[in-house]
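Okay, so here's the structure we're looking at.
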Amino acid sequence: MAATQETVEQVQSLEMDKYKYGFVTEIESEKAPKGLSEDTVRFISAKKNEPEWLLEWRLKAYRLWLTMPEPKWGKLEIPEIDYQDSYYYSSPKSMEDRPQSLDEVDPELLRTYEKLGIPIKEQEVLAGVAVDYVFDSVSVATTFREQLKEVGVIFCPISEAIQDYPELVKKYLGSVVPAGDNKHACLNSAVFTDGSFVYIPKGVRCPMELSTYFRINELNTGQFERTLIVADEGSYVSYLEGCTAPQRDENQLHAAVVELVTMDDAEIKYSTVQNWYPGDEDGKGGIYNFVTKRGICKGKNSKISWTQVETGSAITWKYPSCILQGDNSVGEFYSVAITNGRQQADTGTKMIHLGKNTTSRIISKGISAGKSQNTYRGLVRVAAKAEGARNFTQCDSLLVGETCGAHTVPYIESKNRSARLEHEATTSKISEDQLFYCRQRGISEEDAVGLVVNGFCREVLQELPMEFAVEAQQLVKISLEGSVG
Amino acid sequence: MLEIKNLHAEVDGKSILQGIDLNINKGEVHAIMGPNGSGKSTLANVLAGRDDYEVTEGGIFFDGKDISELEPEERAGEGIFLAFQYPVEIPGVTNTTFLKEALNAQRRYRGEEELDGMEFVKMIRGKTKELGIKDDMLKRAVNVGFSGGEKKRNDILQMAVLNPKLAVLDETDSGLDIDALKVVAEGVNKLRAENNAILVITHYQRLLNYIVPDQVHVLANGKIRRSGGKELALELEEKGYADYSGEAA
């Protein structure tokens with residue numbers, strides 16, 4: 001509770017500009033030729049100095065991608081995407097000859113992260129969070145690597161993991177999200193550039209939060225990051241990703257893949273604070289956030305917990321999911337999705353119960369304002385052998401104003417009679433009475449909306465690591481500015 | 001402190017208040033009584049500046065300043081507090097968070113320094129102790145799952161924390177049993193002071209047994225029809241409002 005109080009306090013110190021991460025870093029970059037072809041795939045693979053097997057893996061994905069239709073799951077109006085009009089690799093020139101220490105990193109890049117409020121040098125000193133900084137297609141820096149290594153934790157850019165830990169990467173890459181899963185994941189498999197790799201060895205509780213900060217900077221460039229986290233038996237890790245992008249009139253594609261694997265008794269807590277540029281009020285520009293995130297609870301008694309705060313992007317298509325294979329394994333999905341202006345979000349989860357006595361819990365809070373559309377879409381599937389499976393789902397929608405839409409689309413498939421599945425859903429509006437009550441006590445209308453919405457999301461926000469709860473609450477408030485009055 | 005001059009107001013184009021004059025000085029307790037539909041709640045909402053309540057003529061002066069064009073939050077900052085007939089629930093927002101947000105917003109409005117977490121907690125603990133309210137209440141979401149009596153007690157706590165110059169109690173007694181009524185009255189009496197004033201709006205006399213007014217006004221058909229001392233309330237209790245509105249109370 002203390003965190004909530006503090007955060008509300010901090011909310012007040014906010015600047016009022018709507019999207020404060022919309023600046024562009026002027027930096028010379030090295031790009032792949034525009035467009036997508038086998039040559040693009042080869043270019044990326046060569047840039048990353050990849051082994052032959054990975055190039056083959058990418059090419060296979062690319063060929064498959066050519067044949068795949070756009071996904072049908074989702075209620076979204078997506079303009080046709082011209083895949084040839086985009087760059088698939090962009091790296092700051094200064095990163096060409098890998099800087100060995102922060103002193104060698106281009107000061108312009110360091111300044112970028114300072115402006116974003118996550119200065120690399122300072123973070124290096126601050127205990128508690130290790131950060132991997134991904135800028136367009138490359139990782140700029142990863143802090144605390146040495147300290148983590150001492151306890152056996154591997155935390156590094158995936159491009160480096162491919163060089164340094166090829167066996168681990170080869171074993172797990174694509175094992176949870178196969179290339180052919182859907183068109184966006186397939187594209188990622190062909191052209192993924194960077195992202196983070198995490199391995200937590202047996203019995204280790206990762207001593208600090210791990211975090212990746214994604215920044216898209218370059219014009220007409222897609223970001224295709226790939227994250228792979230493996231938690232070995234009895235281990236634990238909490239991981240957080242954050243994302244921002246400059247304000248531009250063109251749409252940019254972000255098609256990431258995240259794969260999580262937990263062995264017996266292991267736990268991964270994965271949190272996302274997504275704040276890609278959402279486009280302007282008329283729906284011009286913004287990021288297309290088409291992301292495939294999936295975890296597999298391979299071992300018994302293991303647990304995967306997704307928490308997401310989705311406020312940005314013009315279009316969000318995202319369903320962090322859990323395959324509950326190990327007996328007694330647990331999957332959780334906590335989500336806050338806020339849409340304003342002309343944003344569209346179609347997000348939710350899939351909980352696939354395979355093992356015995358597996359449980360899943362889904363708490364989704366959707367807030368729609370402006371002329372936006374916000375859909376929760378979730379699947380709970382219980383396989384025939386999943387004796388004693390249980391699910392609890394709660395979907396709450398909050399409407400701000402008259403011109404937005406909220407939709408809840410649950411799919412439930414059960415092949416086992418012993419399964420117990422519960423679904424609760426509510427839809428409400430911020431009432432005039434609530435706003436007047438707050439205002440009568442001295443709170444301005446915008447602050448009142450922020451307060452009421454933060455209250456509505458509280459159950460989810462308190463799942464976030466402490467360090468990020470503040471940021472998330474601020475985001476919730478900022479995202480709704482201008483939605484009333 | 002509060003001067004209402006020839007106040008006319010309408011709601012949705014319908015004229016409700018038709019020329020109200022009222023003066024309340026520091027340290028005084030005034031009661032406004034009247035039948036249903038007389039304009040009592042409209043007066044409370046107009047004082048607080050609620051949207052849709054339009055002042056069409058006359059004005060409201062608070063400490064000499066015309067406040068009729070101020071936003072509700074600005075009036076709150078000026079020191080006007082409205083205890084609602086039906087306190088509103090805000091799920092997920094704890095009383096502590098709400099009170100701190102409100103108090104600091106008012107302090108900012110007045111150009112005063114905001115209280116930090118520690119100062120605030122210290123202050124609020126003092127208030128709960130003074131009022132005999134369990135600290136437990138602070139951790140609960142604003143009015144969510146509160147009984148009628150608890151909601152009113154929460155109002156008293158808010159009043160104690162925000163320390164308004166003028167508290168307007170809008171039919172705060174409705175739906176309360178006698179014990180709860182006493183608790184509210186006790187709280188209000190504790191907060192009575194020389195430099196603040198209270199306006200009690202009520203249909204029934206019984207609350208005035210516990211919060212004893214200096215003056216009683218009868219509101220009917222949008223105008224104050226009669227003013228007098230506390231004995232006027234007893235007279236109304238006996239005779240009803242028939243003399244003023246032509247309807248039985």
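Remarks
- Extended-chain gain in nm, criterion 0.36 nm per residue less alpha-carbon gap, A:W73 and A:Y165: 29.6 nm
- Interface size A-B, as summed buried accessible area [1.4 Å probe, Å², nearest 100]: 2800
- Per-residue ³J(HN,Hα) for segment B:33-39, Karplus 6.51 cos²θ - 1.76 cosθ + 1.60, θ = phi - 60°, Hz, x for Gly and Pro: 10, x, x, 4, x, 7, x
- Global geometry of segment B:193-232, whether rounded, prolate or oblate, following the gyration tensor of its Cα atoms and the 1.5 cut on a/c: prolate
- What the protein assembly as shown shows is 39 Å² of accessible area per residue, with the surface traced by a 1.4 Å probe over protein heavy atoms.
- Sorting A:Y236, A:Y172, B:Y109 by accessible area puts them as B:Y109, A:Y236, A:Y172; the probe is 1.4 Å, largest comes first, and only protein heavy atoms count.
- Within segment A:376-481, the GluC sites (Glu not before Pro) that combine a DSSP coil assignment with at most 10 other C-beta atoms in a 10 angstrom radius are A:E402.
- Amide hydrogen neighbours beyond the local backbone of A:S29, cut-off 5 Å, H modeled: A:K93
- The protein assembly as shown, accessible surface, carbon-and-sulfur percent (1.4 angstrom probe): 46
- Within chain B, no helix built from a complete DSSP H run reaches 18 Å or longer along its own axis (Cα positions) while carrying a mean Kyte-Doolittle hydropathy of 1.0 or higher.
- Interface residues of segment B:69-95, defined as those losing at least 50 Å² of solvent-accessible heavy-atom surface relative to the isolated chain (probe radius 1.4 Å), are listed as B:E73, B:F84, B:V88, B:I90, B:G92.
- Of all beta bridges that DSSP places with both ends in chain B, some 60 percent have antiparallel geometry.
- Phi to ³J(HN,Hα) by Karplus 6.51 cos²θ - 1.76 cosθ + 1.60 over segment B:5-10, Hz, x for Gly, Pro: 10, 6, 7, 10, 8, 10
- Each residue was assigned an accessible area with a 1.4 Å probe, and for B:D173 the value is about 10 Å².
- Karplus (6.51, -1.76, 1.60) ³J(HN,Hα), θ = phi - 60°, over segment A:435-442, in Hz, Gly and Pro reported as x: 5, 5, 4, 5, 5, 4, 8, x
- Relative to one another, the C-alpha centroids of segment B:156-174 and segment B:56-99 are positioned 10 Å apart.
- Checking the cross-link pairs B:K26/B:K151; A:K318/A:K385; A:K183/A:K293; B:K122/B:K152; B:K5/B:K65 against a 18 Å limit on the alpha carbon distance flags B:K26/B:K151; A:K318/A:K385; B:K122/B:K152 as lying beyond it.
- Point-charge dipole on Cβ atoms (K/R +1, D/E -1) for segment B:2-244, about Cα centre, debye to 20: 660
- Cut-off 17 Å (backbone N to label point 7 Å along Cα→Cβ of B:V55), residues of segment B:150-168: B:166-168
- Backbone amide hydrogens, once placed in the peptide plane, bring B:F146 within less than 5 Å of nothing, excluding anything fewer than 5 places away on its chain.
- Chain B - Kirkwood radius from inverse mean 1/r over Cα pairs (Å): 18.6
- Point-to-point label distance, A:E402-A:R63, nm (Cα→Cβ direction, 7 Å offset): 5.8
- If you wrap the tightest convex hull around every Cα atom of segment A:22-479 and split its volume per residue, you get 136 Å³.
- Coil-residue trypsin sites (Lys or Arg not before Pro) of segment B:57-112, DSSP, other Cβ within 10 Å capped at 15: B:R110
- Normalised by the number of residues in chain B, the mean separation of alpha-carbon contacts (under 8 Å, six or more apart) gives a relative contact order of 28 percent.
- Interchain or long-range residues, amide H under 5 Å from A:C156's placed H: A:F197
- Burial annotation for segment A:417-445: residues with an accessible-area loss of at least 50 Å² between the isolated chain and the complete set of protein chains, computed on heavy atoms with a 1.4 Å probe, are A:Q434, A:F436, A:Y437, A:R439, A:Q440, A:R441, A:G442, A:I443.
The values are calculated or read from the model by the stated rules, or taken from the named source; none is laboratory data. These numbers come from a predicted model, not from an experiment. Neighbour counts run over all protein chains shown; Cβ positions are idealised from the backbone, glycine included. Please note that ligands, DNA and RNA were not included when accessible areas were found on the heavy atoms of the full protein model with its side chains. Shrake-Rupley method; radii C 1.70, N 1.55, O 1.52, S 1.80 Å.
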